[in-house]
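S.K.: Sending over a structure as structure tokens; questions will come in a sec.
The values are calculated or read from the model by the stated rules, or taken from the named source; none is laboratory data. Because the structure is predicted, anything quoted here is derived from the model rather than measured. Note that we place each Cβ from the backbone using ideal geometry, even for glycine, and neighbour counts take in every protein chain shown.
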Amino acid sequence: MAVELDLRRALVRAGRDLYRQGMMAGASGNLSARLDAERILITPSGSAKGRLRPQDLLVIDPEGRLIAGEGRPSAETAMHTATYRALPGVEAVVHAHPVKAGALAAANRPIPTDTLPEALVAMGDIACVPFIPSATTELADAVAAALTWADGALLFNHGAITIGRSVDAARMKMEILEALSDTAIQVQMLGGGVPLPAAEVARLRGIWRQRRWEQR
């Protein structure tokens with residue numbers, strides 16, 4: 001019970017932090033955390049993430065069926081459960097609608113990570129998932145496949161998603177993804193960025209791969 005309460009509190013904190021930063025306006029976005037092999041905590045559909053309480057979170061099974069709690073699981077539950085099934089190392093998933101990442105997603109523009117060393121070490125690359133209607137199995141499968149080689153993805157014409165070995169890690173990666181989106185937009189206004197040397201890009205990606213499943 002102590003572990004579950006800690007996870008519930010961590011999800012509530014993450015929701016409030018992202019809401020305050022404008023990444024989960026209104027009732028947009030959803031968060032989840034793996035409780036154990038058979039149970040996942042997830043935010044209820046239609047909930048304002050800035051005002052959630054620990055007891056508001058729902059418990060579902062790996063197929064998305066409700067086990068405990070009041071309300072309906074998030075409409076994007078399939079995207080979360082598909083990610084957990086595909087990646088046993090993932091302990092938390094954050095799906096949000098940050099303004100700048102959302103602008104790039106709406107424009108179908110990728111976020112380059114090969115111009116900033118810190119971006120490569122923190123995120124590796126950021127995947128891009130072509131537009132697929134929300135709350136579909138097709139979207140869930142495409143997102144899970146993309147996240148096998150990236151810690152975050154832009155969902156074109158939709159939003160963004162990040163994963164981590166903890167709730168805090170997944171939240172921080174969403175914050176990093178939004179900061180990188182801001183940088184990418186400004187760099188484009190300056191005429192484009194200058195990539196790092198190919199050997200350095202390969203070295204930094206290697207560091208990310210080695211650290212990917214650390215608890216951070």
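S.K.: I'm trying to understand the selection: among the residues of the range 59-102, which are small (Gly, Ala, Ser) and within 21 Å of Lys49 (Cα to Cα)? Outline the logic, then answer.
M.R.: We begin by selecting, within the range 59-102, every residue small (Gly, Ala, Ser); these are 64, 68-69, 71, 74-75, 78, 82, 86, 89, 92, 96, 101-102.
Across the range 59-102, the qualifying residues are Gly64, Ala68, Gly69, Gly71, Ser74, Ala75, Ala78, Ala92, Ala96, Ala101, Gly102.
S.K.: Still on this model: Would you tally the residues in the range 122-166 being closer than 24 Å to Leu35 by Cα and part of a strand (DSSP E or B)?
M.R.: 7
S.K.: Thr136 is checked against (1) free of Cβ contacts under 8 Å to residues at least 60 places away in the same chain; (2) surrounded by 18 or more Cβ atoms within 10 Å (Cβ to Cβ); (3) of a type in the set (Val, Ile, Thr) and fails just one. What number does that condition carry?
M.R.: Only one criterion in (1) free of Cβ contacts under 8 Å to residues at least 60 places away in the same chain; (2) surrounded by 18 or more Cβ atoms within 10 Å (Cβ to Cβ); (3) of a type in the set (Val, Ile, Thr) is unmet by Thr136, namely (2).
S.K.: Go through the residues of the range 56-66 one by one and say whether even a single one is crowded, with 21+ Cβ neighbours inside 10 Å, within 29 Å of Ala103 (Cα to Cα) and touching a Lys or Arg at 6+ places or on another chain (Cβ under 9 Å).
M.R.: Start the filter on the range 56-66 by keeping residues that are crowded, with 21+ Cβ neighbours inside 10 Å, which leaves 57-58, 60.
Now narrow it down to the ones that are within 29 Å of Ala103 (Cα to Cα): none.
No: zero hits.
S.K.: Condition first: touching a strand residue (DSSP E or B) at 6+ places or on another chain (Cβ under 7 Å) and not small (Gly, Ala, Ser). Now tell me which residues in the range 150-166 satisfy that.
M.R.: Answer for the range 150-166, where residues must be touching a strand residue (DSSP E or B) at 6+ places or on another chain (Cβ under 7 Å) and not small (Gly, Ala, Ser): Asp151, Leu154, Leu155, Phe156, Ile161, Thr162, Ile163.
S.K.: If you scan the range 81-114, which residues turn out to be touching a residue at least 40 places away in the same chain (Cβ under 8 Å), among the hydrophobic types (A, V, I, L, M, F, W, C) and not in a loop (DSSP other than H, G, I, E, B)?
M.R.: Those that are touching a residue at least 40 places away in the same chain (Cβ under 8 Å), among the hydrophobic types (A, V, I, L, M, F, W, C) and not in a loop (DSSP other than H, G, I, E, B): Ala82, Ala86, Ala92, Val93, Val94, Ala96, Val99, Ala101, Ala103, Leu104, Ala105, Ala106.
S.K.: Considering only the range 158-216, how many residues are surrounded by 15 or more Cβ atoms within 10 Å (Cβ to Cβ), polar (S, T, N, Q) and closer than 22 Å to His80 by Cα?
M.R.: The total comes to 2.
S.K.: Exactly one condition in (1) charged (D, E, K, R); (2) modelled with pLDDT of 95 or more; (3) crowded, with 18+ Cβ neighbours inside 10 Å is false for Arg109; which is it?
M.R.: (3)
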